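Down below is the structure, laid out as structure tokens.
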Amino acid sequence: MKTTRFLTGSRQVDRLRCVVAESDLQHLLRGAALRVTRPRLAVLDAVHAHPHADTESIIQATRRHLPDVSHQAVYDVLRALTEVGLVRRIQPSGSVARYEARVGDNHHHMVCRSCGVIADVDCATGTAPCLTMSDDQGFTVDEAEVTYWGRCPACSTTSS
Ligand SMILES: [Zn+2]
Ligand SMILES: [Zn+2]
């Protein structure tokens with residue numbers, strides 16, 4: 001069920017592909033001191049085109065440009081892109097890892113308990129961390145990870 005719904009979602013996003021020009025992707029890679037390679041361009045493009053996609057979906061999307069790319073190559077590129085901060089890895093509990101290209105804004109996520117769809121939620125105050133503790137116990141806190149759980153509009157209408 002989860003998979004079916006997710007694939008439907010990513011097919012809708014497919015029509016909006018190429019939201020980022022290849023020259024911009026090259027610029028992003030160079031800005032992060034990464035050499036521009038075909039796999040890196042294709043994976044970064046796939047993550048931009050499919051926000052919150054899991055690794056399997058990113059492999060499929062990458063193979064539309066680079067049919068011969070291996071699973072391992074995509075994993076390696078995702079790790080490299082995540083390490084330099086071009087891609088953010090999220091993993092809501094009970095979900096496989098997801099990747100997104102919206103980075104650096106400390107946004108949060110809303111997850112549907114029923115179909116697993118993930119939506120972005122802007123930070124409540126705009127800067128990290130957006131939750132201020134009553135007692136930080138001496139920790140220097142730079143991030144608060146918030147996940148909102150519930151039901152997406154599609155799931156709340158179909159099951160009521
Ligand atoms: Zn749902
Ligand atoms: Zn997000």
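The values are calculated or read from the model by the stated rules, or taken from the named source; none is laboratory data. This is a predicted model, so every value here is computed, not measured. Note that each Cβ is placed from the backbone with ideal geometry, even for glycine, and that neighbours are counted across all protein chains shown. What goes into the accessible areas is simple: the full protein's heavy atoms, side chains included, and nothing from ligands, DNA or RNA. Shrake-Rupley method; radii C 1.70, N 1.55, O 1.52, S 1.80 Å.
A few remarks follow.
- From the options A80, A101, A42, A97, residue that is more than 16 Å from ligand 1 (Cβ to nearest atom), farther than 24 Å from E143 by Cα and open to solvent by less than 50 Å² (accessible area, probe 1.4 Å): A42
- Of all the listed residues (T132, T125), the sole one being surrounded by fewer than 11 Cβ atoms within 10 Å (Cβ to Cβ), modelled with pLDDT under 90 and not assigned by TED's automatic domain parsing to the domain that holds R89 is T132.
- All positions within region 104-115 that are open to solvent by less than 30 Å² (accessible area, probe 1.4 Å) and closer than 30 Å to A33 by Cα: N106, H107, H108, H109
- The helices (runs of 4 or more DSSP H) found entirely in region 33-99 that carry 1 or more residues being among the polar types (S, T, N, Q) and touching a residue at least 24 places away in the same chain (Cβ under 8 Å) are 55-65.
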